[in-house]
Amino acid sequence: MEPEGEACDIQRNDCGAPLFGGRIAGKIVRSLYDHPYSGIEEELSASGISKGNARALWKALYRNESSSLHSQELPPALLRWMEERCAASIVRAACIESADGLARKFLLRLRDGREVECVTMTFAGRFTACLSTQAGCAMGCVFCATGQMGFGRHLTAGEIVEQVLHCHRDLRERGLPGLRNLVLMGMGEPLHNYDAVMEALAIVTDRRGLNIGPSHVTISTVGVIPGILRMAEERRPYHLAVSLHGANEADRAALVPANRRWPLAALIDACRSYQAQTGRKIFFEWTLIHDVNDSDAVASELAALFTGLRAHVNLIPLNPTHGYDATASSAARSFQGILRERGIPSTIRQRRGIDVGAGCGQLAGEPTIRSRPLTSLFPTG
Ligand code: SAH
Ligand code: SF4
């Protein structure tokens, strides 16, 4: 399911993501946010600078609580070298907070003018960032605002890293503890942009920098089988969440067009291989839609899929989007009860930021103007 090509003169890497960074002697140089620690060392060496400077640079990039590199005590030549290569590729265009103050959504503008959203949420005093991995999404799930807008492009590793930095610094600037958890559940399908996602996660989990624990990272996928198998093979240390929404091929295909490419039966087989190889529990997401997939019979059919799998189901009552005319289920408890009877643990996802369009599946990169009055709007950062 490759997205349609687009006419654009931006230089791209092998995955089709644009190359952003400094333009040095007419040549585009990747942003420093695109590089893991070893890549920074290589970049330094290639510029004839001692790679011993990598530690100071890395600290300036990731331990620095302000976005200004000038606040860093770096030798001027090194600062200049760094500035040429890490002009921020995302800028905050807007920020909006939910009425209960538990979710804060950022509209971020990318270098090519596209916009993506990311969200910070508080759960029991701990902060989680929900990140976008693509501008738009090619998968077209009918109930998802991102799917309804279609595919724009893949984000670069640096653009994903910068979202984490943006959320982290926003918290620290407000005197709050930094980010603890990451969920790749914003705009886009992470496993459709596999390389950039894994590069970004290697950077933000690096102990010398942001040091987000890998066990605090969850990758949510619509079920891109090759990506799931690759995660297992490469022993990626992150949680895997697989979005199901339908418990048989026809029901799932009606909600998730990607089921035609990666059918449910093959997906469950891939989950079994993943679990056999990694020993990890798998999370399954189920958007609960009134009168569509919330009956007791459907819950039983779902439970049967998990025979022999260590599964945990996250039930997400449908969040409203403009392009899908259905309502959230009120049967979450009863659905959960059936799963429990069949020995399948589940959680009903705590809702965050629905009033400001920051809930699951509501991110669309559009200006954050909704029918309700804004509770707060902050200037461009
Ligand atoms: N593309 C990935 C991750 C982003 S979507 C995926 O599909 O898993 C994150 C989660 O939000 C998915 O489980 C998705 O099915 C769910 N979701 C999408 N639209 C929703 C909506 N309108 N209401 C509730 N959940 C939704
Ligand atoms: Fe894409 Fe996930 Fe939305 Fe489906 S639910 S359209 S895969 S972002």
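Just a few scattered comments:
- Residue match in region 125-132 (condition: touching a helix residue (DSSP H, G or I) at 6+ places or on another chain (Cβ under 7 Å), within 20 Å of residue 223 (Cβ to Cβ), open to solvent by less than 10 Å² (accessible area, probe 1.4 Å) and in a strand (DSSP E or B)): no
- All told, residue 107 meets the bar of being in contact with a Ser or Thr (Cβ under 6 Å, 6 or more places away or on another chain), over 21 Å from residue 287 (Cβ atoms) and touching a residue at least 60 places away in the same chain (Cβ under 8 Å).
- Qualifying residue in region 329-342 (condition: more than 20 Å from the chain's Cα centre (by Cα), of a type in the set (Asp, Glu), part of a loop (DSSP other than H, G, I, E, B) and more than 16 Å from ligand 2 (Cβ to nearest atom)): no
- Condition broken by residue 183, with the remaining ones in (1) within 23 Å of residue 285 (Cα to Cα); (2) open to solvent by less than 10 Å² (accessible area, probe 1.4 Å) satisfied: (2)
- Among the residues of region 37-59, those identified as of a type in the set (Ser, Thr, Tyr) and not in a loop (DSSP other than H, G, I, E, B) are 37, 38, 45.
- Among (1) away from ligand 2 (no atom under 14 Å from the Cβ); (2) under 19 Å from residue 219 (Cα atoms); (3) hydrophobic (A, V, I, L, M, F, W, C), the one test that residue 118 misses: (1)
- For the residues 244, 210, the requirement of being within 14 Å of ligand 1 (Cβ to nearest atom) and either of a type outside the set (Lys, Arg) or in contact with a Phe, Trp or Tyr (Cβ under 8 Å, 6 or more places away or on another chain) (or both) singles out 244.
- Checking each residue in region 136-155 for being within 11 Å of ligand 2 (Cβ to nearest atom), at negative phi and not in a loop (DSSP other than H, G, I, E, B) picks out 145, 146, 147, 148, 149, 151.
- Selection status of residue 331, among the aliphatic types (A, V, I, L, M), more than 30 Å from residue 235 (Cα to Cα) and open to solvent by 70 Å² or more (accessible area, probe 1.4 Å): no
- Residues that are open to solvent by less than 30 Å² (accessible area, probe 1.4 Å) and either outside any loop (DSSP other than H, G, I, E, B) or away from ligand 2 (no atom under 16 Å from the Cβ) (or both) within region 319-328 comprise just one, 321.
- Filtered residue count, region 291-318, keeping only those that are surrounded by fewer than 21 Cβ atoms within 10 Å (Cβ to Cβ) and under 20 Å from residue 352 (Cα atoms): 1
- In region 88-108, the residues that are modelled with pLDDT under 90 and open to solvent by less than 10 Å² (accessible area, probe 1.4 Å): 89
- Selection from region 165-203 of residues that are assigned to a helix (DSSP H, G or I) and within 13 Å of ligand 1 (Cβ to nearest atom): 190, 191, 192, 193, 194, 197
- Here residue 272 passes the criteria (1) more than 14 Å from ligand 2 (Cβ to nearest atom); (2) touching a helix residue (DSSP H, G or I) at 6+ places or on another chain (Cβ under 9 Å) except the one numbered (2).
- Region 199-231, residues that are under 19 Å from residue 167 (Cα atoms), modelled with pLDDT of 95 or more, open to solvent by less than 10 Å² (accessible area, probe 1.4 Å) and not β-branched (Val, Ile, Thr): 200, 201
The values are calculated or read from the model by the stated rules, or taken from the named source; none is laboratory data. Here the structure is a predicted model, which means the values were calculated and not measured. Cβ: placed from backbone, ideal geometry, glycine included. Neighbour counts: every protein chain shown. Quick note on the areas: whole protein, heavy atoms, side chains included, nothing else; ligands and nucleic acids left out. Shrake-Rupley method; radii C 1.70, N 1.55, O 1.52, S 1.80 Å.
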